[in-house]
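A.B. asks: One structure, pasted below without further comment.
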Amino acid sequence: MKKKKSLAYRLFVRLPFWAIVISVALVTLLKWVPVWYTPVMLKHSVQYRKVEDYHTRQKWVPIEQMSPALIQAVIASEDNLFCEHKGFDWQEMKKMYAQHQEKGKKIRGCSTISQQVAKNVFTFGSRTWVRKAAEVYWTFLIEKIWGKQRIMEVYLNVAETGKGLYGVEAASIHYYGLTAKEIDKRQACAIAASLPDPWDRSPDKNTSFLRKRRAQIYALISSLKYPEWAL
């Protein structure tokens, strides 16, 4: 009986306790240390190892060395309420569920930028409920420990922006021969429009759909509110 209690204690008390301690310590460390490589980058480098010309390109730059247009375009494209919610856009989730119930529409993803950062930096991005549960936990931690500016800084450095490209600095150099600081509003909108599907929606493609999407993002930017660090 004593051994059983001891095993249960380790599994349900000590193990969760140390998991929380280590995860909090890791998130605290990454509040200050640049995120140069992520599990998702590793997964893709293995997954696409046979794809011609595929190699990982990422260059970390602090948010002060990014054009404010990039921050604004990404908020307009990916997460309009980024500066208002606490990691989860319950309003969008309710809207999505209502559309599913009333019109039978397929349940779509509505992850916030915070959730995308949690997924990219702390998981391998698998499509499982276990990963989603982990994503919720990590999202809660980064919202509490990092804050919005750091979350945005990490997102703009690790988000996939093209074939083997990660972050806006790598995308800016590859597509425009400019640094992220030199990108203008239209170029920023083109990069932001590519984020949901960076291989098929890359800024060097000019389909009617992408022209429309870039125009939508461009128009929306002026109607949203931004914190001082995004201006």
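A.B. asks: Can you work out ³J(HN,Hα) from phi for every residue in the range 160-165, in order, using Karplus 6.51 cos²θ - 1.76 cosθ + 1.60 and θ = phi - 60°, giving whole Hz and x for Gly and Pro?
C.D. replies: For the range 160-165, the Karplus curve yields 5, 10, x, 5, x, 9 Hz.
A.B. asks: Which far-off residues, 5 or more places away or on another chain, put their amide H under 5 Å from the one on Leu165, with H placed in the peptide plane?
C.D. replies: Amide H neighbours of Leu165, under 5 Å, 5+ apart: Arg57.
A.B. asks: Follow-up. Provide the per-residue ³J(HN,Hα) series for the range 115-125, in order, calculated from phi with Karplus coefficients 6.51, -1.76, 1.60 and θ = phi - 60°, each as a whole number of Hz, with x at glycine and proline positions.
C.D. replies: So the J values, rounded to whole Hz, are 5, 5, 5, 4, 5, 6, 8, 10, 9, 8, x.
A.B. asks: On to the next question. What percent does the relative contact order of the chain come to when contacts are Cα pairs within less than 8 Å and at least six residues apart?
C.D. replies: On the way: 267 pairs, mean separation 60.7, N = 231.
Reported relative contact order: 26 percent.
A.B. asks: Going through the cross-link list Lys95/Lys144; Lys94/Lys119; Lys31/Lys86; Lys59/Lys205; Lys144/Lys205, which pairs have a Cα-Cα distance over 28 Å in this structure?
C.D. replies: Distance filter (> 28 Å) returns Lys144/Lys205.
A.B. asks: Which shape class, rounded, prolate or oblate, goes with the range 175-231 when its Cα gyration tensor gives a ≥ b ≥ c as root eigenvalues, a/c under 1.5 marks rounded, and past that a/b bigger than b/c marks prolate?
C.D. replies: Working: a/c = 2.15, a/b = 1.33, b/c = 1.62.
Note, shape of the range 175-231 comes out oblate.
A.B. asks: In terms of the Cα gyration tensor, with a ≥ b ≥ c the square roots of its eigenvalues, is the range 1-63 rounded because a/c is under 1.5, prolate because a/b exceeds b/c, or oblate? Don't jump to the answer; show the numbers that get you there.
C.D. replies: Numbers: a/c = 8.78, a/b = 1.96, b/c = 4.49.
Judged from the Cα gyration tensor, the range 1-63 comes out oblate (a/c at least 1.5, b/c at or above a/b).
A.B. asks: Still on this structure, please answer the following. Per Stokes-Einstein, at 37 °C and 0.692 mPa s, what whole-number D in µm² s⁻¹ belongs to the chain, with the Kirkwood radius over Cα pairs as the hydrodynamic radius? Don't skip to the end; give the middle numbers.
C.D. replies: Working: Rh = 19.0 Å.
In µm²/s, the coefficient is 173.
A.B. asks: With r as the distance between the Cβ atoms of Leu178 and Lys59 and R0 = 22 Å, compute the FRET efficiency 1/(1 + (r/R0)^6) and round to 0.05.
C.D. replies: 0.95
Every read-out reported here was derived from the displayed coordinates using simple, explicitly stated rules and does not represent laboratory data. Since the structure is predicted, the reported quantities are computational estimates derived from the model, not experimental observations. No Cβ is skipped: glycine too gets one built from the backbone with ideal geometry, and neighbour counts run over all protein chains shown.
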